[in-house]
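**Q** Below is the structure I would like to discuss, written out as structure tokens.
The values are calculated or read from the model by the stated rules, or taken from the named source; none is laboratory data. In this text, all values refer to a predicted model and were calculated from it rather than measured experimentally. Here the Cβ is made from the backbone with ideal geometry for all residues, glycine too, and neighbour counts use every protein chain on show.
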Amino acid sequence: MRIRLSNEQGSILLLALVTSGTIGFTLASYLKLVEAQNLAVMRSQTWNSAMPACEAGIEEALTHLNVVGDGDRGVNGWTLVNGEYVMERNFGDTHYWVTVSSGDPPVITSTGYAKVPLRTTEVRRAVRVTTTKFGSGMKGMVAKGDINMSGICQIDSFDSEDPSYSSNGRYDSAKRKDNGFVGSVNGSVNGGNGKNYGYVGTGPTGAAAGQVGDLGWVDGNNTGIQPGHYNNDMNQSFPDVQPPFAGGAFTPQSGTVTTTNFSFTSSAITTTTYPSPPPASGVTTNLSNYTSTEYPFAYGGTVTTNTSATSSRTFPAAGTYVGSVVTRTVTSGPPSGRGTWYDYNRITGYTYQTITYTYNTTTTNSTTSTETYNYVLDSENYQLTSLSMSGQAKMLVKGNAVLYVTGDVSITGQGQIIILPGASLKLYVGGASAQLAGNGVMNQNADATKFSYYGLPGNTSVQMTGNAAFTGTIYAPNADFHLGGGGNDVYDCVGATVTKTVSMNGHFNFHYDERLGRSGGATRFNVASWNEVSWTEL
């Protein structure tokens, strides 16, 4: 049987087919649009996620630099590749590759990578950061909380970089300055019966008491605080100390070392010849009058001829008088007075100024000795779980050493840390207590920057007692700092400190080296400039 489709039925079928095609095309276009939009969103998210990875690399590099300071940068997982220190870390679909140059200050280049969804490719963004290096600075004796002084304590200052206010970089009481500083951020300062040749500061809620002022004020027996020498607007933060390294350190060993010990003798020299080159301590020019019977022909200044009225029966020789000779004939009187006389002004001498030069010279005396030490430190990283030295125990530092003691430190009896000239020690203490008694730390450099004590957050007590004369810096913001001495001796502490509190008694002098305010403290690196230098086009 043959079925016929009417024209109406054909039109309906054609319309259905066209409508279905249109709907399908529209749906396909919409799906394509949604796919493109979704891909664009994912690409944007990928592009943006590459930057946090890049920034994470920069943060790690800055943290690393501020942990090692001036030390070796090739530690804690960083490796030296083609003259740069490199670190790489992965975080799922992102990772970064960061380099630190070997220069000073260093340049950081961090590249962040993020995987593009549904593809095997990655988006890359790189940022170059230049850094600036500075010392956090240390200003006298500073604490978070209270500072209390009792006994006979004295605060003053000097400048180890200025020969007018130091002798060969050493504190000299004849050249001291009155820029000492004692300050508490959140507490008060009680100077007791001590003398502070300088300034005192507290926060807005603190108070200050004691004898504080310049040299003239304090030595003039004025009481209280000289106007202009106290401020109550002190505001300062104290970041925690981080461990100097994580692994890879040596354990200090004993050893026998031959050392040369130096002593210095100063003396004044006066000479007619100006010293060349002139000494750093300066030269004093002295002018004085000198009289001689001989005329100073080589002298280029003014010469005064000294004369005396003279009468003689002999005519004076040429050059022995000035002016004219008067001839006088005597015919009367005693026979001894008769005859011919010559009256003239006889030359008795010549007076002129002489110039001499006075300057100080320092004679270095040395003695050589061979001795066995319990610990010998060179230019390396060292680590101990604790450090205890008593009796005759000694530690010798002959290089630029970093020592990390994770526990307590105790130096008593005749125990001593000796830092040789040209050497330095950075001592990090993680334990609760550090006792620097006995003979303490002998810093033979007489340079406070050559010994640095860093107390980690767990370090809550630092004690300096006995014969523990000290030259260096202490940065232990969570530690109570106690300085104590007895008898009639005066123990000196040279440098600067930052601690939680301070208790100072007995007979102590604290000499602040103003150089530390310019360059002391922990080395810190900050961002100087930030530039995105390359990226992957999407």
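**Q** Collect the residues in the range 492-514 that are within 19 Å of LYS144 (Cα to Cα), β-branched (Val, Ile, Thr) and out of contact with any Asp or Glu (no Cβ under 6 Å at 6 or more places or on another chain), keeping them in residue-number order.
**A** THR497, VAL498, THR499, VAL502
**Q** May I pose another question? Please determine whether any residue of the range 235-250 is surrounded by 13 or more Cβ atoms within 10 Å (Cβ to Cβ), of a type outside the set (S, T, N, Q) and more than 30 Å from ILE417 (Cα to Cα).
**A** No: zero hits.
**Q** For ASN186, all conditions in the list (1) within 16 Å of the chain's Cα centre (by Cα); (2) surrounded by fewer than 21 Cβ atoms within 10 Å (Cβ to Cβ); (3) closer than 15 Å to THR202 by Cα hold save one; what is the number of the exception?
**A** In the conditions (1) within 16 Å of the chain's Cα centre (by Cα); (2) surrounded by fewer than 21 Cβ atoms within 10 Å (Cβ to Cβ); (3) closer than 15 Å to THR202 by Cα, ASN186 misses (1) alone.
**Q** Assess whether LYS450 counts as being touching a Ser or Thr at 6+ places or on another chain (Cβ under 7 Å), touching a residue at least 60 places away in the same chain (Cβ under 8 Å) and crowded, with 20+ Cβ neighbours inside 10 Å.
**A** no
**Q** Can you tell which of ASN365, ASN374, ASN286, ASN360 is of a type in the set (S, T, N, Q) and farther than 30 Å from VAL441 by Cα?
**A** Exactly one residue qualifies, and that residue is ASN286.
One line per residue, one yes/no per condition, for (1) part of a strand (DSSP E or B); (2) at pLDDT 85 or above; (3) exposed (fewer than 12 other Cβ atoms within 10 Å of the Cβ):
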position	(1), (2), (3)
THR259	yes, no, no
ALA268	yes, no, yes
ALA309	yes, yes, yes
GLY319	no, yes, yes
VAL325	yes, yes, no
SER332	no, yes, yes
TYR352	yes, yes, no
THR363	yes, no, yes
THR368	yes, no, yes
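**Q** If you don't mind, another one. For the subset of the range 457-472 comprising residues that are among the hydrophobic types (A, V, I, L, M, F, W, C) and crowded, with 22+ Cβ neighbours inside 10 Å, which member is modelled with the lowest pLDDT?
**A** Filtering the range 457-472 for residues that are among the hydrophobic types (A, V, I, L, M, F, W, C) and crowded, with 22+ Cβ neighbours inside 10 Å, the one modelled with the lowest pLDDT comes out as ALA468.
**Q** Between residues in the range 48-62 that are in contact (Cβ under 8 Å) with a residue 12 or more places away in the chain and residues that are surrounded by fewer than 20 Cβ atoms within 10 Å (Cβ to Cβ) and of a type in the set (Lys, Arg), which pairs lie under 8 Å by C-beta distance while being six or more apart or on different chains?
**A** That search, which allows pairs on different chains as well, returns ALA50/ARG124; ALA56/ARG89; GLY57/ARG89; GLU60/ARG89.
**Q** Continuing with this model, one more query. How many of the residues in the range 279-306 are more than 44 Å from the chain's Cα centre (by Cα) and either in contact (Cβ under 8 Å) with a residue 24 or more places away in the chain or surrounded by 13 or more Cβ atoms within 10 Å (Cβ to Cβ) (or both)?
**A** 16
**Q** If LEU287 satisfies all but one of (1) over 28 Å from ALA423 (Cα atoms); (2) assigned to a loop (DSSP other than H, G, I, E, B), what's the number of the condition it fails?
**A** (2)
**Q** Can you confirm whether THR120 is more than 28 Å from GLY517 (Cβ to Cβ) and either assigned by TED's automatic domain parsing to the domain that holds TYR428 or outside any strand (DSSP E or B) (or both)?
**A** Spelling it out, THR120 is indeed more than 28 Å from GLY517 (Cβ to Cβ) and either assigned by TED's automatic domain parsing to the domain that holds TYR428 or outside any strand (DSSP E or B) (or both).
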